[in-house]
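Here the structure comes first, spelled out in structure tokens, and everything after it is commentary.
Values quoted throughout were computed directly from the atomic coordinates according to the rules given, and no laboratory measurement underlies them. No experiment lies behind these values; they were computed from the predicted model shown. Quick reminder, even Gly has a Cβ in these numbers, built from the backbone with ideal geometry, and neighbours come from all protein chains shown.
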Amino acid sequence: MKLLQKLLAHFLLALMLTPIEGMSASEGDYEKNSKIKFALFSAAWGENTSDKLRIVAFNQSSSTVVLKSLDFINLPEESEKITLFFDLKILPQKYAEAEIHLSDLLNGDGCVNRSIEQNWKLAEISNYTLNPSVRNLIIEDTNSFRIHQCIRNVNVFLRDPANGKTTGYDEWVLYHFESRVDD
């Protein structure tokens, strides 16, 4: 199961990095402004395991970056946040991955809280959208499967190893939930 999740995350990340025909200008601008693409997942979500949190990241830039941390902003109290520390070095145009301790990323957002209360299972958190047509390729029996997403604000902090300078920028992530129709 863990190997399947890892392969699925790599597959989805690669597919999401491929430009989608008909993408609007605002979506294209967002894609250009985001220096890295990443997906977070854990087998512990929806299971009773002690698995860690995994990140798979792709550096879209032409220089090496170090993903220092992600701040998950709690709304409406923007001063409250959950910080994940990585210190993950990502070479230009390459993937990198790491495991860290599992943090509670399910609190601090109304949509996420409601989704959990309604028995949705968190599949992954990423800073790219999952195109439903791509999902249909992965989930063959879509009549028995539902997909739901919540948006949350994050601050991304990257360090340039060439000069040691850390910079941050704001963006959003999507919580990708799944559920069987009969659940």
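Excluding Pro92 itself, what net charge comes from residues whose Cβ is under 13 Å from its Cβ, given Lys and Arg +1 and Asp and Glu -1? Let's see the in-between values first.
Working: positive: Lys35, Lys89, Lys94; negative: Asp160.
In short, +2.
Net charge of the neighbourhood of Leu105, taken over other residues with C-beta under 12 Å away and scored Lys/Arg +1, Asp/Glu -1, is -2. The Cβ shell under 14 Å around Thr166 holds other residues with a net charge of +2, Lys and Arg each +1, Asp and Glu each -1. Counting only the Cα atoms, segment 71-122 fills a convex hull of 125 Å³ per residue. For the residue pairs Lys37/Lys121; Lys94/Lys121; Lys121/Lys165, the alpha carbons lie more than 28 Å apart in Lys94/Lys121; Lys121/Lys165.
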